[in-house]
Amino acid sequence: MAYTDDRSSWFEGQGLWQHVPAEQWQDWTWQLKNRLTSGEDLERYMTLTPEEKRGVAFAGRKLAMSITPYFFNLIDRNDPNCPIRKQLIPREGEMFISNEEQLDSLGEDEHSPVPGIVHRYPDRVLFLVTDRCAAYCRYCTRSRLVSNAQDYNFHPEYEQGLRYIESHPEVRDVLLSGGDPLLLSDRKLEHLLARLREIPHVEFIRIGSRIPVFLPQRITPKLCEIFKKYGPIWMSIHVNHPKEATAELRDACERLAFAGVPLGNQSVLLSGVNDDPETMKALVHRLLRMRVRPYYIYQMDLITGGAHFKVDVRKGIEIIRALRGHTTGYAVPQYVIDAPGGGGKVPINPDYLEQITDDEVVFRNYEGKQFRYPLHSTGLKRAVEDPAALIDAS
Ligand code: SF4
């Protein structure tokens, strides 16, 4: 059934946790301590399907399960096909691995000169500063590293990472990721940002985080002060479905924006979650209303146990076609495939271009109408007979 968004309503409140004092509910450390991390925790509030029960039993060997009370409230406990539920509650599909899937599907380990640094592109590095997240997405590209369920032995090492960046003057752009950098304490995060700001060749610092979505309470005034002090800090958040765009997330984005943090969003195209134009359109509209620019839609990486989330690339192209021209240009993200093995992000666009000849470009617009743009000027004539007379007259 096509998704319809109630545009005037933003989910808010404590949901199942009405009995918790508001002060505790708003405390991000309380949210972390009270995460749902086991089948028993979940079954206190809902009935799991047999497929989910098997998934939950397997999760400890692949990627731990963890859901903040705040985010759990967004799950429709009566609908096994709820798009929020699918993202966070493991399913049996995670036990099956296809030939194409790999633990390190983007070849990051091959490009890691020191622990925690991935240096693939000449002028920028990915700095993995933690192996923990507030909640674990079942389609995570870094499931080998995060949550420590696979004994991958990843120990983020700030000092080595910082020294590597300091000694590589070609690095002008640092992306802090992990795990989720905003799970670090204010003190650690401030230390990291301060050290990075001291490096003269680092021009651009950005953070990839799903914390505003799983734990908006973490976006405290104190954290925003840190961003102001060391800004500009750019941030990519990760919202996949319009139901995730709550009043709390909207307010957290506002706090970040007022602290001078430019915000973009990255979504992953997931089967049964957001793989239809109506859902994506509702999502991108909500993002703009929250001061967030839709930036990327990712084709899901070829991660192990992810086949049940996979969407046909033609569906992604159809979604972009349904957005481009049909809504605000700012609302249209770039659809990309991160090339397997480490080839980088490649845009996958609907084909509007039909032909380029020596004389013209032939293309179609969003309605499918054909247009021609001439490449050369012909029959050049003066707009006025005597341009010098215009200067004399002025
Ligand atoms: S928040 Fe990011 S790193 Fe953490 S589990 Fe989700 S996708 Fe993976």
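Here are the numbers for the structure shown:
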quantity: Karplus-derived HN-Hα couplings along the range 82-92 (A = 6.51, B = -1.76, C = 1.60, θ = phi - 60°), whole Hz, x at Gly and Pro; calculated: 4, x, 7, 4, 4, 6, 10, 9, x, 10, 4
quantity: Tilt relative to the chain, helix 247-258 - C-alpha long axis, 0 to 90 degrees, to 10; calculated: 50 degrees
quantity: Rounded to 10°, Cα long-axis angle of helix 313-323 versus longest principal axis of the chain; calculated: 60 degrees
quantity: Most mobile listed residue (Lys243, Lys33, Lys53) in the chain, GNM with C-alpha springs under 10 Å; calculated: Lys33
quantity: Dipole of the range 15-95 [Lys/Arg +1, Asp/Glu -1 at C-beta], most positive-end residue of Ile67, Gln18, Trp30; calculated: Ile67
quantity: Principal-axis tilt of helix 50-62 within the chain, Cα atoms, nearest 10 degrees; calculated: 90 degrees
quantity: Most fluctuating residue given options Arg138, Arg91, Arg197, as computed from a GNM of the chain linking Cα atoms under 10 Å; calculated: Arg197
quantity: Under 5 Å, built H, 5+ apart or other chain: amide partners of Lys310; calculated: Ser271
quantity: Under the Karplus curve 6.51 cos²θ - 1.76 cosθ + 1.60, θ = phi - 60°, whole-Hz ³J(HN,Hα) for the range 230-241, x wherever Gly or Pro sits; calculated: 9, x, x, 10, 8, 9, 9, 9, 9, 10, 9, 9
quantity: Built amide H within the under 5 Å cut-off of Arg293, gap 5+; calculated: Leu263, Gly264, Asn265
quantity: Aspartates and glutamates with Cα under 20 Å of Lys33, excluding same-chain neighbours fewer than 8 positions away; calculated: Glu23, Asp41, Glu43, Asp131, Asp180, Asp186, Glu248
quantity: Karplus-derived HN-Hα couplings along the range 157-173 (A = 6.51, B = -1.76, C = 1.60, θ = phi - 60°), whole Hz, x at Gly and Pro; calculated: 10, 4, 4, 4, x, 5, 5, 4, 5, 4, 8, 10, x, 6, 7, 10, 9
quantity: Amide proton proximity set for Arg120, modelled H, under 5 Å, gap of 5+; calculated: Leu126
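Quick note: the coordinates plus some simple rules give every number you see, no bench work behind them. As the structure is a computational prediction, the values presented were derived from the model and not from experiment. Please note: Cβ atoms are built from the backbone with ideal geometry, for glycine as well, and neighbour counts cover all protein chains shown.
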